[in-house]
Amino acid sequence: MNFIPVHEPLLDGREKELLIECIETGWISSEGTAVKQFELRMADLTRRRFALAVSNGSTALDIAVKSLGLAKGSEVILPSFTIISCAAAIVRAGLVPVVVDCDPVTWNITADHVRQAITPKTGAIMAVHIYGLPVEMREMEALAREYGLKIVEDAAEAIGLECAGKPCGSFGDVSAFSFYANKLVTTGEGGMILTDDESIAERCSSLRNLCHMPGKRFHHEELGVNGRMGNLQAAVGCAQLERLEEFAQRRREIGAAYNDLFKDVAGVTLPCPATGYADNIYWVYGLVLDDEVPMDAEQMMAALREKGIGTRPFFWPVHEQPVFQKMGLFKNVSYPVSERLARRGLYIPSSLSLGKTELERVADSVKQILAEA
Ligand SMILES: *Cc1c(COP(=O)(O)O)cnc(C)c1O
């Protein structure tokens, strides 16, 4: 039986055509016109004034956090249940990551979680949309206004998703996207920074390109990075964006199909399909094993692999990362929802190309493993 990978990109639109154009014209670096076009389309999609294409989502976060110019040692509140890139960006900017737990149903942070972690040193909130359902951003923005805090929105998993009728990527002071191969819109590797603030945009633009001094190339008052996106990536991005609606719809169909296939299955908790402010776009389809199931996510993943099905574990909490423990961060704290999700959560295949039979095979395999456990 053939292996069903957890994710495969769909590249059968105009990707090839636009790539050939880059090669035939010789425009392959970040100076090419596809980069500009991709930026304009992302700005349009998120209704932002400025969009800056970068080399990947982690770099987008690094630059976005630095661009806020927060005082050294300021605290930034973020979920523990997220990718390392979020906390790493905060640490690399000379700031202090302060993590909070998340909601057991939506797997996202709420304004209540954040409020309890605010101190006089808090400078910003990093709101991360998790697995296809957004943070309630209206509440987060109201909280930020109340305390005079900045917001960095990590919308890497939320392209095409709306929160209360507004596109993800349009919230807060600065937003970040990733176009890694498993994201809904991909350039292989790539990222984007979005903002409405001209001075943040200028800072990001400088940080992205080695901080050359304005009008004085090869002179530097500050250290930036080479975080530029190449024209080949941007060309793929333009072709992918043309199909965003179709991709989003297909993901939602896959989510609905799994919801149906798993609806009477005891032992697994499914993703929250909708909240009062958003409908899940099912960037990934997560399963959380109930406590009475006598196996953890790792064991379920191994059993599925034996049946030819690819999976990925959920995030491992930021506060449990050895790298931060070694720095003396997050000592003797516990965030039980994040810890439980990490140990009992996994996600199953949801490539856009998967058909009904493959989804059924995935669901049947999970059911069989649960029945035999
Ligand atoms: C994928 C992802 C990133 C990192 O993006 P890369 O392009 O892989 O560096 C950051 N944050 C979240 C929430 C992500 O899912």
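The values are calculated or read from the model by the stated rules, or taken from the named source; none is laboratory data. Nothing here was measured: the structure is a model prediction, and the numbers come from that model. Using ideal geometry, Cβ is built from the backbone for each residue, glycine included, and neighbour counts are taken over all protein chains shown. Areas reflect the complete protein model, heavy atoms only, side chains present, ligands, DNA and RNA absent. Shrake-Rupley method; radii C 1.70, N 1.55, O 1.52, S 1.80 Å.
Does Val366 qualify as being open to solvent by less than 10 Å² (accessible area, probe 1.4 Å) and over 23 Å from Val91 (Cβ atoms)? Criteria met by Val366. Scanning segment 268-319 for residues that are in a helix (DSSP H, G or I), away from the ligand (no atom under 16 Å from the Cβ) and touching a helix residue (DSSP H, G or I) at 6+ places or on another chain (Cβ under 7 Å) turns up Ala297, Met300, Ala303, Leu304. Restricting attention to segment 210-255, the residues that are among the hydrophobic types (A, V, I, L, M, F, W, C) and within 21 Å of the chain's Cα centre (by Cα) total 10.
Assuming Ala64 fulfils every condition listed in (1) within 27 Å of Gly165 (Cα to Cα); (2) open to solvent by 20 Å² or more (accessible area, probe 1.4 Å); (3) among the aliphatic types (A, V, I, L, M); (4) in a helix (DSSP H, G or I) apart from one, which condition is it? So Ala64 meets the others, but not (2).
In the list Val185, Val152, which residue meets the criterion of being within 16 Å of the ligand (Cβ to nearest atom) and more than 24 Å from Gly94 (Cβ to Cβ)? Within the list Val185, Val152, the selection yields Val185. Pairing each residue of segment 167-189 that is assigned to a strand (DSSP E or B) with any residue that is within 12 Å of the ligand (Cβ to nearest atom) and open to solvent by 20 Å² or more (accessible area, probe 1.4 Å), provided the two are 6+ apart or on different chains, yields C-beta distances under 6 Å for Gly188/Ala181.
In segment 132-153, what count of residues is obtained for those that are under 25 Å from Val284 (Cβ atoms) and open to solvent by less than 10 Å² (accessible area, probe 1.4 Å)? Total meeting the criteria: 9.
I want to confirm something. Restricting to segment 156-166 and keeping residues that are in a loop (DSSP other than H, G, I, E, B), more than 20 Å from Val35 (Cα to Cα) and open to solvent by 10 Å² or more (accessible area, probe 1.4 Å), which single residue is nearest to the ligand (Cβ to nearest atom)? Restricting to residues being in a loop (DSSP other than H, G, I, E, B), more than 20 Å from Val35 (Cα to Cα) and open to solvent by 10 Å² or more (accessible area, probe 1.4 Å), the top hit is Glu157.
Look through segment 115-137, keep the residues that are within 19 Å of the chain's Cα centre (by Cα) and not in a loop (DSSP other than H, G, I, E, B), and return whichever of them is nearest to the ligand (Cβ to nearest atom). In this case the residue turns out to be Val128.
Is it the case, given these coordinates, that Ser178 is within 16 Å of the ligand (Cβ to nearest atom), closer than 22 Å to Asp196 by Cβ and of a type outside the set (A, V, I, L, M, F, W, C)? Yes; evaluated as a whole, the condition is true for this residue.
Of all residues in segment 188-203, those satisfying the criterion of being crowded, with 20+ Cβ neighbours inside 10 Å and near the ligand (Cβ under 9 Å from one of its atoms) are Gly190, Gly191. Taken over segment 87-112, residues that are without any contact (Cβ under 8 Å) to a residue 40 or more places away in the chain, under 20 Å from Tyr277 (Cα atoms) and surrounded by fewer than 21 Cβ atoms within 10 Å (Cβ to Cβ) amount to 3. Condition check for Arg343 on (1) assigned to a helix (DSSP H, G or I); (2) open to solvent by less than 40 Å² (accessible area, probe 1.4 Å); (3) closer than 23 Å to Lys263 by Cα: one failure, at (2).
Can we say Ala89 is part of a helix (DSSP H, G or I), within 14 Å of the ligand (Cβ to nearest atom) and within 22 Å of Glu162 (Cβ to Cβ)? For Ala89, the condition - part of a helix (DSSP H, G or I), within 14 Å of the ligand (Cβ to nearest atom) and within 22 Å of Glu162 (Cβ to Cβ) - is not met.
Given the criteria part of a loop (DSSP other than H, G, I, E, B) and surrounded by 22 or more Cβ atoms within 10 Å (Cβ to Cβ), does Thr82 qualify? So Thr82 passes the test. The number of residues in segment 64-86 being within 14 Å of the ligand (Cβ to nearest atom) and farther than 28 Å from Ala248 by Cα comes to 1. Looking across Asn280, Asn332, one residue alone is polar (S, T, N, Q) and on the phi > 0 side of the Ramachandran plot. It is Asn332.
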